[in-house]
Amino acid sequence: MDLNKLLKSGIVLTIAILFNFRLVAQETITFTWDTFGGKFELYGTANKEFTIDWGDSIIETKTPNGGFIEHIYATPGEYTVIITDSTGDCLFNFFSFSEKFNFLISRLNLTGCSVLQTLYCYNGLLEELDLSGCPELTTLGCAFNQINKLDLSGCPKFEHLACYFNHLQKLNLTGCSNLQSIICWNNQLQLSDLFAASLLIKDPNKREFGKQNLSPQTAILGEELFSEQSVFNGIFTNYSVIKNDSPAPESDYTVIDGKLIFNAVGKYTVTMTNDAIVSYEFSPAKVIVVITVEKGMSIADPKINNLTVYPNPATKEIHVKLNSSKPTNYSIYNTAGQSVLHGRLQEETTINVESLSKGIYYINSDGKENTTVSFIKK
């Protein structure tokens, strides 16, 4: 059976958490229970006696005999379940929740389940999932939750991940050299996360990166956006910029070394792709974000300012036209507020900016009408 299809369909225990582990004297499971009622279920196959401390002052001795062990939590809160087996070899193959429970749990900590191999936790409200100290973990299906970060760096044997429809903003796969498949569309991952995963998975048909929807952003004119990596294997990120349901005018934005800078105010939808990140053909990798660009408080309205700067962006020099016949002083500042150039402005002045590093700068005149205008050095 195709494991990818199995993970994607969610047919196997869509309302349960499943894993195999062998108790070594004691196993601890911590979770947050968000409301009243609900049934906790542990499925055991071993015909051996063990003790369960349910974390709510109730301790029981059980023998599973291949059936479910159930417990009702009457009060919301954080609980730690401790399972102790005197022989150290009691094998459980399901750790499952009833449907009601699964929709109420927000945090699950399986730290130290040292032989945990497979975990499914679909269709819940999980926000935090801690799998540190699970070196035997190979498969995780956690789709349709609210998880915002996932760290699998402590799982060197990890092979298959299905985490679609979450809120993932960061995915750490460091050390997962055996990774064979990933399905992660409809999250909030950056291109750098997708690229890192692509390097681990040899078969591009097993990489289902799909669409990633970042949280909406607000920017000011001239601000450099997306500080993360923008060049992968020597290939620059491509930006598709839409404004008012049509391609934005090229004069509205500038791309410098793979970084996006807006030159005009408005609401934009930006789609980022990179040809170095190869995904399954029906689930291509793309990162989408809606950006509202506003005028910074210190930037003059071009319609009323007394400075005109061109070309913008510039490489070697800028031409400054002063809308006044009276000379005035000027200073050029970087984004840290440091003055990097200064001098005297005439009605028309050429300023050499070749020595400046690439980036955003502000030129300010201190005449009767103080004016600041931004420009970009390429």
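With respect to Phe195, determine if the residue is closer than 23 Å to Met272 by Cα and assigned to a helix (DSSP H, G or I).
Values: closer than 23 Å to Met272 by Cα: yes; assigned to a helix (DSSP H, G or I): yes.
The answer is yes for Phe195.
Those residues that are within 13 Å of the chain's Cα centre (by Cα), over 13 Å from Thr269 (Cβ atoms) and modelled with pLDDT of 95 or more, I need them from segment 207-226; list them, please.
Phe209, Gln212
Return the only residue of Thr254, Thr271 being over 25 Å from Tyr361 (Cα atoms), part of a strand (DSSP E or B) and in the same structural domain as Leu225 (by TED's automatic domain parsing).
On the way: Thr254 fails: over 25 Å from Tyr361 (Cα atoms).
Exactly one of Thr254, Thr271 is over 25 Å from Tyr361 (Cα atoms), part of a strand (DSSP E or B) and in the same structural domain as Leu225 (by TED's automatic domain parsing), namely Thr271.
Consider segment 144-159. How many of its residues are in a strand (DSSP E or B) and of a type in the set (Phe, Trp, Tyr)?
Going through segment 144-159, the residues in a strand (DSSP E or B) turn out to be 149-151.
Next, only the ones that are of a type in the set (Phe, Trp, Tyr) stay: none.
Number satisfying all stated conditions: 0.
Collect the residues in segment 217-247 that are more than 18 Å from Thr273 (Cα to Cα), in contact (Cβ under 8 Å) with a residue 24 or more places away in the chain and assigned to a loop (DSSP other than H, G, I, E, B), keeping them in residue-number order.
The answer is Leu221, Gly222, Glu223.
What pairs can you find where one residue is in segment 105-122 and in the same structural domain as Gly154 (by TED's automatic domain parsing) and of a type in the set (Ser, Thr, Tyr), the other is modelled with pLDDT under 75 and buried (at least 23 other Cβ atoms within 10 Å of the Cβ), and their Cβ atoms are less than 7 Å apart, with a gap of 6+ or different chains?
Final answer for the pair search is Thr118/Phe19; Tyr120/Ile17.
Determine whether Thr218 is closer than 18 Å to Ile288 by Cβ, crowded, with 20+ Cβ neighbours inside 10 Å and β-branched (Val, Ile, Thr). Even if it seems obvious, please write down each step before you answer.
Numbers: closer than 18 Å to Ile288 by Cβ: yes; crowded, with 20+ Cβ neighbours inside 10 Å: no; β-branched (Val, Ile, Thr): yes.
No.
Which one is farthest from Leu125 (Cα to Cα), of the residues in segment 163-177 that are in a strand (DSSP E or B) and at pLDDT 95 or above?
Restricting attention to segment 163-177, the residues satisfying the condition of being in a strand (DSSP E or B) are 170-172.
Narrowing the set further to residues that are at pLDDT 95 or above leaves 171-172.
Working: Leu171: 18, Asn172: 21 Å.
Per the criteria, the residue is Asn172.
Tell me which residues, restricted to segment 322-343, are farther than 15 Å from Ser374 by Cα and at pLDDT below 80.
Asn323, Ser324, Ser325
So which of Ser86, Ser57, Ser106 ends up being modelled with pLDDT of 70 or more, among the hydroxyl-bearing types (Ser, Thr, Tyr) and on the phi < 0 side of the Ramachandran plot?
Numbers: Ser86 fails: modelled with pLDDT of 70 or more; Ser57 fails: on the phi < 0 side of the Ramachandran plot.
Going through Ser86, Ser57, Ser106 in turn, just one is modelled with pLDDT of 70 or more, among the hydroxyl-bearing types (Ser, Thr, Tyr) and on the phi < 0 side of the Ramachandran plot: Ser106.
Within the group Phe165, Phe209, Phe195, which residue is free of Cβ contacts under 8 Å to residues at least 60 places away in the same chain and either crowded, with 17+ Cβ neighbours inside 10 Å or in the same structural domain as Thr269 (by TED's automatic domain parsing) (or both)?
Details: Phe209 fails: free of Cβ contacts under 8 Å to residues at least 60 places away in the same chain; Phe195 fails: free of Cβ contacts under 8 Å to residues at least 60 places away in the same chain.
Among Phe165, Phe209, Phe195, only Phe165 is free of Cβ contacts under 8 Å to residues at least 60 places away in the same chain and either crowded, with 17+ Cβ neighbours inside 10 Å or in the same structural domain as Thr269 (by TED's automatic domain parsing) (or both).
One line per residue, one yes/no per condition, for (1) surrounded by 15 or more Cβ atoms within 10 Å (Cβ to Cβ); (2) closer than 24 Å to Tyr253 by Cβ; (3) not aromatic (Phe, Trp, Tyr):
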{"residue": "Asn312", "(1), (2), (3)": "yes, yes, yes"}
{"residue": "Lys316", "(1), (2), (3)": "no, yes, yes"}
{"residue": "Tyr330", "(1), (2), (3)": "yes, no, no"}
{"residue": "Gln338", "(1), (2), (3)": "no, no, yes"}
{"residue": "Glu347", "(1), (2), (3)": "no, no, yes"}
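The values are calculated or read from the model by the stated rules, or taken from the named source; none is laboratory data. Computed from a prediction, not measured in an experiment: that's the story for all the values here. Here the Cβ is made from the backbone with ideal geometry for all residues, glycine too, and neighbour counts use every protein chain on show.
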